[in-house]
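Quick notes on the structure that follows.
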Amino acid sequence: MLFKSFLLLSVFAVACYGQSKVPVYVYYESLCPDSARFVNEQLYPVAKTFKKNLELHLVPFGKSTYTTQGSEVMFTCHHGENECYGNKVHACAIQHIQGNSYQPNISKEDLTLDYVNCLMHRAQLKDGAFPTKRCADEVKIDQWQAIMDCANSTEGSQLLKQHGDMTNKLQSPLKSVPTVAFKQTYDDELQKLSVSSFRHALCKNLSPQPVECLDLPSAATVVSSFGMLVAVAATLVARLF
């Protein structure tokens, strides 16, 4: 009976280990070189690896500001007017991208991140028009026309204003771009860690930590008792079944 109880606990531990999930808010700008570097080199690969542990919220606004005149919203953006348009494209993409039937294993969130990653990379190349359509073709986004229509209409302005309000709620103005906030709360030390090693920052906020965190330098020398239980449990389960 004791062995059966341990076995059940072991199976439960294996099933649950690493299933923690944390909300992460990334505040960025569409034409910001630092934002592009962070998205392309850190956020994108880490988000792909830690897909089950990350609830990602993209907030394209950065150090922009806006004023309203009646129903009209006017923006001033950190890197100029083209960035205001780019920010609207991002806001509209986040709103309009949907999964599709011929890629059932790829979610709306997956497609949105793939698209944003492409936009950030292509926009830095400065080789013509903003890459709305080009990235849609590369990532296989069906809603590119809806995204373009949105970005060129009052809908895009209203969506970007919402991202501005979300940004200003965190910090007005932002101290730096990109800004990374876990659980929608700004922490200076976590910000520094996030921009230097987003993977370390994410793992620091996951409890229990998934196996993908275990090869980090800080985790290599310290193994939690729960982690050891899971390791033993996994071995036993593997041998029994």
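The values are calculated or read from the model by the stated rules, or taken from the named source; none is laboratory data. In this text, all values refer to a predicted model and were calculated from it rather than measured experimentally. Here the Cβ positions follow ideal geometry from the backbone for every residue, glycine too, while neighbour counts run over all protein chains shown. Surface accessibility is based on the protein's heavy atoms, side chains included, excluding ligands, DNA and RNA. Shrake-Rupley method; radii C 1.70, N 1.55, O 1.52, S 1.80 Å.
From I106, I147, which residue is without any contact (Cβ under 8 Å) to a residue 12 or more places away in the chain and of a type in the set (V, I, T)? Before the answer, list the steps.
On the way: I147 fails: without any contact (Cβ under 8 Å) to a residue 12 or more places away in the chain.
Just a single option satisfies the conditions, and that option is I106.
Residue-wise test of (1) at pLDDT below 95; (2) of a type outside the set (A, V, I, L, M); (3) in a helix (DSSP H, G or I); (4) under 17 Å from C32 (Cβ atoms).
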{"position": "R122", "(1), (2), (3), (4)": "no, yes, yes, yes"}
{"position": "D127", "(1), (2), (3), (4)": "yes, yes, no, no"}
{"position": "D137", "(1), (2), (3), (4)": "no, yes, yes, no"}
{"position": "D149", "(1), (2), (3), (4)": "no, yes, yes, no"}
{"position": "K161", "(1), (2), (3), (4)": "no, yes, yes, no"}
{"position": "T167", "(1), (2), (3), (4)": "no, yes, yes, yes"}
{"position": "K175", "(1), (2), (3), (4)": "yes, yes, no, yes"}
{"position": "A201", "(1), (2), (3), (4)": "no, no, yes, no"}
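Restricting to the range 60-94, what's the tally of residues that are open to solvent by less than 70 Å² (accessible area, probe 1.4 Å) and part of a helix (DSSP H, G or I)?
Total satisfying the criteria: 12.
Which condition number in (1) open to solvent by 40 Å² or more (accessible area, probe 1.4 Å); (2) under 18 Å from the mean Cα position of the chain (by Cα); (3) farther than 16 Å from V89 by Cβ is the one that L170 fails?
Of (1) open to solvent by 40 Å² or more (accessible area, probe 1.4 Å); (2) under 18 Å from the mean Cα position of the chain (by Cα); (3) farther than 16 Å from V89 by Cβ, only one is false for L170: (1).
With respect to H57, is the statement that it is open to solvent by 50 Å² or more (accessible area, probe 1.4 Å) and touching a Leu at 6+ places or on another chain (Cβ under 7 Å) true?
Working: open to solvent by 50 Å² or more (accessible area, probe 1.4 Å): yes; touching a Leu at 6+ places or on another chain (Cβ under 7 Å): no.
Taking the combined requirement at face value, the residue does not satisfy it.
So which of K161, K133, K140 ends up being within 25 Å of L111 (Cα to Cα), in contact with a strand residue (DSSP E or B) (Cβ under 8 Å, 6 or more places away or on another chain) and in contact (Cβ under 8 Å) with a residue 12 or more places away in the chain? Spell out how you get there, then give the answer.
Numbers: K133 fails: in contact with a strand residue (DSSP E or B) (Cβ under 8 Å, 6 or more places away or on another chain); K140 fails: in contact with a strand residue (DSSP E or B) (Cβ under 8 Å, 6 or more places away or on another chain).
Going through K161, K133, K140 in turn, the sole match is K161.
Taking the criterion of being open to solvent by less than 60 Å² (accessible area, probe 1.4 Å) and closer than 19 Å to L56 by Cβ, would at least one residue in the range 125-138 satisfy it? It would help to see each step written out before you state the result.
The initial filter retains those residues of the range 125-138 that are open to solvent by less than 60 Å² (accessible area, probe 1.4 Å), namely 130-132, 135-136.
Among the residues that remain, those that are also closer than 19 Å to L56 by Cβ are: 135.
Yes, the range 125-138 contains at least one residue that is open to solvent by less than 60 Å² (accessible area, probe 1.4 Å) and closer than 19 Å to L56 by Cβ.
So which of K88, K161 is charged (D, E, K, R), in contact with a Leu (Cβ under 8 Å, 6 or more places away or on another chain) and within 19 Å of S64 (Cβ to Cβ)? Talk me through it step by step, then tell me what you get.
On the way: K161 fails: in contact with a Leu (Cβ under 8 Å, 6 or more places away or on another chain).
Residue meeting the stated conditions: K88.
What number goes with the only condition from (1) more than 27 Å from L193 (Cα to Cα); (2) open to solvent by 10 Å² or more (accessible area, probe 1.4 Å); (3) at pLDDT 95 or above; (4) under 17 Å from the mean Cα position of the chain (by Cα) that I106 does not pass?
So I106 meets the others, but not (3).
Need pairs with beta-carbon distance below 9 Å; first residue among the acidic types (D, E) and within the range 57-76, second surrounded by 17 or more Cβ atoms within 10 Å (Cβ to Cβ); sequence gap 6+ or separate chains.
As it stands, the answer is E72/S157, since those pairs meet every condition given.
Quick check, is Y25 more than 18 Å from Q184 (Cα to Cα), at pLDDT 95 or above and open to solvent by less than 70 Å² (accessible area, probe 1.4 Å)? If you could, list the steps in order and put the result at the bottom.
Values: more than 18 Å from Q184 (Cα to Cα): no; at pLDDT 95 or above: yes; open to solvent by less than 70 Å² (accessible area, probe 1.4 Å): yes.
Considered against the rule, which asks whether it is more than 18 Å from Q184 (Cα to Cα), at pLDDT 95 or above and open to solvent by less than 70 Å² (accessible area, probe 1.4 Å), Y25 comes out as no.
Those residues that are in a helix (DSSP H, G or I) and open to solvent by 30 Å² or more (accessible area, probe 1.4 Å), I need them from the range 203-219; list them, please.
Pass one, the range 203-219, residues in a helix (DSSP H, G or I): 203-204, 211-213, 217-219.
Within the range 203-219, K204, V211, E212, P217, S218 qualify.
Can you work out which of the residues in the range 177-193 that are outside any loop (DSSP other than H, G, I, E, B) and touching a residue at least 60 places away in the same chain (Cβ under 8 Å) is surrounded by the fewest Cβ atoms within 10 Å (Cβ to Cβ)? Spell out how you get there, then give the answer.
Initially, the range 177-193 is screened for residues outside any loop (DSSP other than H, G, I, E, B), giving 179-182, 185, 188-193.
If we keep only those that are touching a residue at least 60 places away in the same chain (Cβ under 8 Å) as well, we get 179-182.
Numbers: T179: 23, V180: 24, A181: 20, F182: 18.
Among those that are outside any loop (DSSP other than H, G, I, E, B) and touching a residue at least 60 places away in the same chain (Cβ under 8 Å), it is F182.
In the range 45-53, is there at least one residue being farther than 17 Å from Y25 by Cα and either modelled with pLDDT of 95 or more or not charged (D, E, K, R) (or both)?
Of all residues in the range 45-53, those farther than 17 Å from Y25 by Cα come to 49.
Among the residues that remain, those that are also either modelled with pLDDT of 95 or more or not charged (D, E, K, R) (or both) are: 49.
The answer is yes; a qualifying residue exists.
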